Structure formats: C-alpha cells, structure tokens
1. When DSSP beta bridges are limited to those with both residues in region 12-72, what percentage is antiparallel, rounded to the nearest 5?
2. Apply 1/(1 + (r/R0)^6) to the Cβ-Cβ distance of residue 151 and residue 24, taking R0 = 30 Å, and write down the FRET efficiency to the nearest 0.05.
3. Can you tell me the 0 to 90 degree angle between the C-alpha axis of helix 74-88 and the longest principal axis of the chain, rounded to 10?
4. Rounded to the nearest 0.05, what FRET efficiency is calculated for residue 119 and residue 52 with R0 set to 30 Å and r the Cβ-Cβ distance?
5. With a cut-off of 8 Å between alpha carbons and a minimum separation of six or more residues, what is the relative contact order of region 12-72 in percent?
C-alpha cells in the first residue's frame, strides 16, 4: 500500500488567516496570561516587522504597533485538523489524524480514480492552496514513514520496491510461525 502524509506546519495561523478579510495584514497569535502575553506564531508580514514566535507582546509592541493579534486556540487547531480529515475522505476511506497538525491517508486504491501520483499530488496541492492551508506532502509505503519524512521533506515519494515488498512478506511469514 502507499500512504500520504500532509503536514500543516502553520495550521493555527492558516486557520485564522483564512477567516480574515486581509490575509496579508501583519498578524500574531498570542498565548499566555494577560500579564505575560507571548507571540506563539506570526505570519510573513509580521515577521517583516521584526516580530518572532516566543517574543513577549511588550517587546513586539516596542518594535511595531502595526499588527493585528488573535488568540492561539488549541481547540481551534483540533477543529481544523478534523476539517482537513473530512476533506481527505474525498480521496480515501482510510484517514488518520493520529499525528498533530497532520493528516495521513492511504492512496494506493485512489490512484486509479485520481490518476498517477504526480496528477494526484497536484490536485491535493491545488485544493489545499484554495482552502488556504500551507502544507508539505510525502508519499511512502507506510503511514509512519510518510509522517517522519514529512518533517524534513516536501514532495518526496518513497517507492515501493520489489525487494521491500519481499522483505515485508518474509517478515509476515516469520511472525506467523
């Protein structure tokens, strides 16, 4: 089987930006108690102002007052991950949200419906772009490999070689004894 992992490195920020009238406006997501607000995530426009994740709100305001803020909400991240999983069910009946800020799904059975992997990958990227979510996509023979490799790569495809298939079958026969 072949699995794809789509990692959403800025899921919280993308979720807030897609609901704003001007997504290019400088934006910082905040966490912490009222007396110690900290920037959790910033978009590119806020980064251009000198703002950085981990910075205190007072330090950020000393650098610039020209940015909007929103609350960093873990429940909101969960909501959007579930939204993206529902989107992935269009392509596969085997979808997992086991990993934070990622969706993993089986694609071997979908390739006949959506075309060869390059066309299918282009479709996934186009739709995610239209939805407003930045992403990294990796395809691999198993979901764990896809997830681990998605930490470092985008667009990587790990082929299912005959030797790897034979090794997997041998391991299954050995385990069955």
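All of the numbers you see were taken from the coordinates with simple rules; none came from a lab. The model shown is predicted, which means the values in this text are computed figures rather than measured ones. So basically every Cβ, Gly included, is an ideal-geometry build from the backbone, and we count neighbours across all protein chains shown.
1. 55 percent
2. Plugging the Cβ-Cβ distance into 1/(1 + (r/R0)^6) gives 0.60.
3. Approximately 40 degrees, to the nearest 10.
4. According to the calculation, E is roughly 0.20.
5. Reported relative contact order: 37 percent.
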